[in-house]
Amino acid sequence: MPEGHHLHRLAAALDEAFAGTTPEVSSPQGRFTGGAALLDGHPVVEAFAAGKHLFVEFAGAAYLHVHLGLIGQFDITPLVAPDTVPPAVGAVRVRLRNEGYVADLRGATLCETATAGDVEQVLGRLGPDPLRPGVDPAPAWARIAKSPRTIADLLMDQSVLAGVGNVYRSETLFRHRVDPFRPGREIRRATFDAIWRDLLLLMPIGVRLGQIVTMADQVEDVLGEGVDTSLVPPLGGTVSAWRRGVVGGAVERRYYVYKRQGEPCLVCGSRIRTAVVAGRNLFWCGRCQRRR
Ligand SMILES: [Zn+2]
């Protein structure tokens, strides 16, 4: 499941490719023909993400609202020349095309047109998104502080915190040595603040690199001068490649606990554990993250 950093990066790439232009909108697969007809011929105002939701605003028409779900992909390809449009491969639900780019959406859980009111409703259901500028974490803390649910469960609830997924959940809880099964109402304010600050630090790195980075040494490298942290997403053919993991591997993929079940904890040496929490595999160290 793409986490929030992926959607924000995708929104930035779509915005760069299409904002201010009037793309042709079509549905090669045929399942979005009505929606495509509504958006076609209208200029794109902007593309933006909120949590794991993606929106593209078309002036005078509506918004395109997308949720990629587990396997959805929105691939942006630059055109070598305006008339060299690649054929739609596979089940392309929606295609945006202007003189410079073609963007194909496949496999998304949700693809619909939305009014401004619909967008407000979606935004209203989401908890604070660490990647939205100036966002206030207070509503997330209010939910967590009175909840009997575990912190691992709460962190995956998009109405509590928007955009946080399985990797950030496991890694952030480890970074702060928080027992993932501690109920929200037993989490101290200082612990929540530390988790929130961590998300404010780590998620923008994910947007810039197209990759989740959580290891302290790698975070330091990225924030130093070792890695290009340009906020501009890689167009020029690299978005699709990056989506497949070909590009953007500027940093070695390694984590403290994520997908390291059975391996020794890098801090204490005991085995990393895993269990399904909120529908996804949680990873944690039973010794470092013991309830105190
Ligand atoms: Zn440990």
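Laid out as a table, the results:
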item	result
Residue satisfying condition, being closer than 20 Å to Leu7 by Cα, at pLDDT 85 or above and in a helix (DSSP H, G or I), within set Ile212, Ile205, Ile195	Ile205
Elements of type strands (runs of 3 or more DSSP E) in region 59-118, at least 2 residues being closer than 13 Å to Val25 by Cβ	63-67, 92-97, 101-106, 110-114
Residues of region 5-31 classified as out of contact with any helix residue (DSSP H, G or I) (no Cβ under 8 Å at 6 or more places or on another chain) and open to solvent by 20 Å² or more (accessible area, probe 1.4 Å), total	11
The one condition in (1) more than 16 Å from the ligand (Cβ to nearest atom); (2) at pLDDT 95 or above; (3) outside any helix (DSSP H, G or I) that Arg260 fails to fulfil	(1)
Condition met for Gly134 (over 17 Å from Pro2 (Cβ atoms), crowded, with 18+ Cβ neighbours inside 10 Å, among the small types (Gly, Ala, Ser) and within 20 Å of the chain's Cα centre (by Cα))	no
Checklist (1) farther than 20 Å from Arg273 by Cα; (2) surrounded by fewer than 19 Cβ atoms within 10 Å (Cβ to Cβ) applied to Phe181, failing item	(1)
Selection within region 274-292 - among the basic types (Lys, Arg) and more than 10 Å from the ligand (Cβ to nearest atom)	Arg280, Arg291, Arg292
Candidate set: region 110-126, residues that are of a type in the set (Asp, Glu) and free of Cβ contacts under 8 Å to residues at least 60 places away in the same chain; chosen: the one most open to solvent (accessible area, probe 1.4 Å)	Glu120
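The values are calculated or read from the model by the stated rules, or taken from the named source; none is laboratory data. Every value quoted in this text rests on a predicted model; they were computed, and no experiment measured them. Every residue, glycine as well, gets a Cβ built from its backbone with ideal geometry; the counts of neighbours run over all protein chains shown. Accessible surface is based on the protein model in full, side chains and every heavy atom, while ligands, DNA and RNA are left aside. Shrake-Rupley method; radii C 1.70, N 1.55, O 1.52, S 1.80 Å.
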